[in-house]
Amino acid sequence: GGFDFEVASIRKDVSVPGIVISDYAEGVSLDDTADEKFSPEEQAVRKKIRGEIGLELLDQIFTKGVYQADPNLGNFRISMKDKKVHWLDTDHLGRLGVPDRKLLKGLLREMAFLKRPAKVAETLLGMVDSPAVGAKKGVETWLRESGALQGARTDTFEKIFGSFLDFLADKKMALREEFVVFLQTIGLMRPLLRDAEPSALKSFFAKQLF
């Protein structure tokens with residue numbers, strides 16, 4: 001049967017800057033390293049829920065623009081007894097406005113179909129904090145020489161960011177804070193997305209292309 005998701009309430013009366021206290025939540029962590037402690041049936045449920053959380057976070061990022069930016073597995077507790085998943089530490093939010101989400105979707109579109117270095121360079125530089133004059137030409141050259149677009153797909157977009165960050169560091173430039181938080185969140189989401197249904201993941205990214 002289905003599980004209900006509940007966001008644990010933050011105790012503002014005892015929380016302080018940098019330390020957030022939430023109400024106690026029943027259950028055990030969704031950490032995948034602990035799966036072997038559970039029965040095969042329970043392992044399947046845990047994997048399914050991790051995948052559903054990953055898809056929900058993608059929807060928050062690409063569709064809603066406000067998302068939970070600290071989705072490490074320790075922030076989710078599952079109670080098999082009352083069929084609830086408790087979501088902890090929800091005060092760390094990431095935000096991407098409509099223009100920024102268009103940049104991300106444009107990058108996905110280029111990676112999936114067009115692979116035009118000039119357009120990809122323009123899109124990536126839209127995510128950079130105060131890009132240097134003439135930077136677009138440099139990014140185009142980097143894209144061609146590095147082969148960053150070769151074999152690029154929507155589900156491997158994180159890789160192009162990794163190479164781009166190295167390029168930016170060499171050129172003394174940096175991503176805008178919004179996209180730094182986005183990349184950090186995507187990194188934390190890897191275990192969740194790994195357990196998402198492949199067909200559901202492909203369907204999600206396909207919808208972002210149009």
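Going by the alpha-carbon gyration tensor, a ≥ b ≥ c the square roots of its eigenvalues, is region 53-167 rounded (a/c under 1.5) or, if a/c is not under 1.5, prolate (a/b greater than b/c) versus oblate? It comes out prolate by the Cα gyration axes.
Determine the shape class of region 122-168: with a ≥ b ≥ c the square roots of the Cα gyration tensor eigenvalues, call it rounded for a/c under 1.5, and otherwise prolate if a/b is greater than b/c, oblate otherwise.
prolate
Helix 98-109 and the longest principal axis of the Cα set of the chain meet at an angle near 70°. Segment Phe210..Leu183, full-extension length gain: 7.5 nm, with 0.36 nm per residue of separation and the alpha-carbon distance subtracted.
Rounded to the nearest Hz, the phi-derived 3J(HN,Hα) couplings of region 116-129 under the Karplus curve 6.51 cos²θ - 1.76 cosθ + 1.60 (θ = phi - 60°) are 8, x, 5, 6, 5, 4, 4, 5, 4, 5, x, 9, 9, 7, where x marks glycine and proline.
The angle separating the long axis of helix 177-188 from the principal Cα axis of greatest extent in the chain is about 50 degrees. Counting only lysines at least 8 places from Lys159 when in the same chain, those with an alpha carbon closer than 25 Å to its own are Lys47, Lys64, Lys102, Lys105, Lys115, Lys119, Lys136, Lys137, Lys171, Lys172, Lys202, Lys207.
Pairs of Cα atoms nearer than 8 Å and 6+ residues apart set the relative contact order; for region 54-210 it is 28 percent.
Compute the long axis of helix 135-146 from its Cα atoms, compare it with the longest principal axis of the Cα atoms of the chain, and write down the angle in degrees, 0 to 90, nearest 10. Once rounded, the angle reads 80 degrees.
Under 12 Å from a label point set 7 Å out along the Cα-to-Cβ vector of Asp35, the amide N atoms of region 42-72 belong to 42-51. When the chain is treated as a Gaussian network with alpha carbon springs shorter than 10 Å, the biggest mean-square fluctuation among Lys64, Lys172, Lys105 belongs to Lys172. For the residues Glu177, Glu52, Glu158, Glu140, a 1.4 Å probe over the protein chains yields an accessible-area ranking, largest first, of Glu177, Glu52, Glu158, Glu140. Only helical runs count toward this figure. For the chain, summing -39,500 (n - 2.57) over DSSP H runs of n ≥ 4 and dividing by all residues gives -14000 deg cm²/dmol at 222 nm.
Is the C-alpha gyration tensor of the chain telling us rounded, prolate or oblate? Criteria: a/c under 1.5 is rounded; beyond that, a/b larger than b/c is prolate, otherwise oblate. Taking the square roots of the gyration eigenvalues as a ≥ b ≥ c, the chain is prolate.
The values are calculated or read from the model by the stated rules, or taken from the named source; none is laboratory data. Just so it is clear, the structure is predicted and the values come from calculations on it, not from any experiment. So basically every Cβ, Gly included, is an ideal-geometry build from the backbone, and we count neighbours across all protein chains shown. These accessible areas exclude ligands, DNA and RNA; they are computed on the full protein's heavy atoms, side chains included. Shrake-Rupley method; radii C 1.70, N 1.55, O 1.52, S 1.80 Å.
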